[in-house]
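These notes concern the structure reproduced below.
The values are calculated or read from the model by the stated rules, or taken from the named source; none is laboratory data. This is a predicted model, so every value here is computed, not measured. We place every Cβ from the backbone using ideal geometry, glycine too, and count neighbours over all the protein chains shown.
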Protein chains: 2
Amino acid sequence: MEYTIKAISQLAGVSTRTLRYYDEIGILKPARINSSGYRIYGEKEIDILQQILFYRELDFNLDSIKEIIQSPNFDEINALKQHYNELLAKRQRIDTLIYNVEKTIFNKERRLKMRDEEKFQGFKKKLIEDNEKKYGEEVREEYGEEAVKRSNEQFMNMTKQQYNELNELGNKVLETLKEAYKTGNPAGELGQKTADLHRKWITLCWGDYSPEAHANLTQMYVDDERFRSYYDKEQPGSAEFLRDAVKIYTEKI
Amino acid sequence: MEYTIKAISQLAGVSTRTLRYYDEIGILKPARINSSGYRIYGEKEIDILQQILFYRELDFNLDSIKEIIQSPNFDEINALKQHYNELLAKRQRIDTLIYNVEKTIFNKERRLKMRDEEKFQGFKKKLIEDNEKKYGEEVREEYGEEAVKRSNEQFMNMTKQQYNELNELGNKVLETLKEAYKTGNPAGELGQKTADLHRKWITLCWGDYSPEAHANLTQMYVDDERFRSYYDKEQPGSAEFLRDAVKIYTEKI
DNA sequence: TATACACATTAACGTAACGTCAATGTCAAT
DNA sequence: ATTGACATTGACGTTACGTTAATGTGTATA
């Protein structure tokens, strides 16, 4: 039986390019060339190809395969053993690489955590300082020196997890407020939910809660330009909406 | 501090070609080019090179390294983890290869042993048949049917090791005979050594020994053209020399 | 019979990370 | 002026094909 290059390539599952390359490097020549210059292969060539593919599977390079299949009485077993040793060496190398990459990842993560922690501490400190500068007086007047000190202490002792929770809660307040604002009804479900989330936030932030302080604070959000702009940023009127919602919320308590 | 390409290459332990290549692919450009077109590197470039080499040690390719060191806030840890997984996959692949090569070696060795054993059995059978055809009658006359049967049985049950020993011993007889023949003295040390080796050979071959049979056998070597030619092949007269040596040897017993 | 389509060919470039020339220019010391 | 160490660019080689281009062949169909 004779085969064209396509036939063999499909039989063996290799590309025709591969077969031409094998012809080129002399590892597998076609049985003959027909009058049009086409490569024609026979059964024998199929057998040789199978052998080549077998050794290729074992990761031999084509030069070695050529030696193995072309030299009669070539010491195949010796070649296999040598290849085996090379593979062991390769594995050893990869094991070392894996160990080093592991080590590197560990170190980088540790350092990253430390840098994060550092940044977190710095961030907290800066936030308190900023707050002092901006609202120190008002807050002190409203809640007294003691409350401010206690709040700052609590803030500095906050763990990162708590910090993240606080942040998340703050975002949730904003999100819910946005949705609630669309309803236009501070007394509605969403409006009251916003007020409740805000209460939670205050509790986390100040470590204490009173409906009066809550109502006063949100009133301040409206009166003070700096707070108002924070809430009104996306939807003007949000600060007033929040105040109204909280007023209704606190009156129900 | 400024460095020429040679200086940096020696500092970092890489070739100048490597540095030129790194310049070419844009992973490490020199700080400046001087008026003669020489590459001039600074401290910063040394740091970058160290980084490159570090990742190169971990088997990153230069494209990845380029990304890592050139993109600010590139997710290094993620890259490391991905690389780590690739290494694990590579190890997995090598483990499979190692297993398959092991299996192949095992099979090839087993088949080789079997083929050897087969050939060995075939060889023994053929040897006995040949002997029967050539010398069957004479030997039967000399030693009787029983002895021949016993001998053949022993021969067929011979292990390969024994077979090798026998072969070796046979060669040693020939070698020693060759040396002894040069002395021209069958009664001399070498001549008697030859006789003694020949006795051992007979014992192994026939499982039995008698000085008379020994002397008779060597006489036959001389009388029978077919045996004589085997011994006289290289040095004519060797068969007679052996007979004489053995005669002296057996008379001393 | 012209055409369309599958299949064939050779030739060439591209891949990754340099090693290794070759041809040629520069610097410092003698 | 010469020598020797050092610099430059340019180009090929390495492995096992993939991919593309330009072109020829075989066969079925309109």
Checklist outcome for this item: Taking first residues from region B:11-34 that are within 14 Å of chain A (Cβ to nearest Cβ) and assigned to a loop (DSSP other than H, G, I, E, B) and second residues anywhere that are within 11 Å of DNA strand D (Cβ to nearest atom) and not small (Gly, Ala, Ser), the pairs with Cβ under 9 Å that are 6 or more apart or on different chains are none
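Right, B:Gly13: over 26 Å from A:Phe106 (Cα atoms), within 14 Å of DNA strand D (Cβ to nearest atom) and within 53 Å of the chain's Cα centre (by Cα) or not? Let's see the steps before the verdict.
On the way: over 26 Å from A:Phe106 (Cα atoms): yes; within 14 Å of DNA strand D (Cβ to nearest atom): no; within 53 Å of the chain's Cα centre (by Cα): yes.
So B:Gly13 fails the test.
So that you can scan it fast, the table gives a plain yes or no per residue for (1) of a type in the set (A, V, I, L, M, F, W, C); (2) at pLDDT below 70; (3) under 30 Å from A:Phe241 (Cα atoms):
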residue	(1), (2), (3)
A:Leu112	yes, no, no
A:Lys119	no, no, no
A:Lys124	no, no, yes
A:Ile128	yes, no, yes
A:Gly136	no, yes, yes
A:Glu146	no, no, no
A:Asn152	no, no, yes
A:Met156	yes, no, no
Item to check | Some residue of region B:179-195 being of a type outside the set (Val, Ile, Thr) and under 14 Å from B:Leu217 (Cα atoms) | outcome: yes
Next on the checklist: Please determine whether any residue of region A:51-65 is more than 14 Å from every other protein chain (Cβ to nearest Cβ) and of a type in the set (Asp, Glu).
Outcome noted: yes
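For every residue, the table says whether it meets (1) modelled with pLDDT of 95 or more; (2) small (Gly, Ala, Ser); (3) away from DNA strand C (no atom under 13 Å from the Cβ); (4) in contact with a Lys or Arg (Cβ under 6 Å, 6 or more places away or on another chain).
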| site | (1), (2), (3), (4) |
| --- | --- |
| A:Thr4 | yes, no, no, no |
| A:Thr18 | yes, no, no, no |
| A:Tyr22 | yes, no, no, no |
| A:Ser36 | no, yes, no, no |
| A:Gly42 | yes, yes, yes, no |
| A:Glu45 | yes, no, no, no |
| A:Ile52 | yes, no, yes, no |
| A:Phe60 | yes, no, yes, no |
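Of everything in region B:49-67 that's in a helix (DSSP H, G or I) and buried (at least 18 other Cβ atoms within 10 Å of the Cβ), which residue is farthest from DNA strand D (Cβ to nearest atom)?
Going through region B:49-67, the residues in a helix (DSSP H, G or I) turn out to be B:49-57, B:62-67.
Keeping just the survivors that are buried (at least 18 other Cβ atoms within 10 Å of the Cβ) gives B:49, B:52, B:55, B:65-66.
On the way: B:Leu49: 15, B:Ile52: 18, B:Tyr55: 21, B:Ile65: 19, B:Lys66: 19 Å.
Among residues in region B:49-67 that are in a helix (DSSP H, G or I) and buried (at least 18 other Cβ atoms within 10 Å of the Cβ), the one farthest from DNA strand D (Cβ to nearest atom) is B:Tyr55.
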Checklist outcome for this item: Flagged in region A:62-83 as more than 18 Å from A:Lys29 (Cα to Cα) and under 48 Å from the mean Cα position of the chain (by Cα), in numbering order, are A:Ala79, A:Leu80, A:Lys81, A:Gln82, A:His83
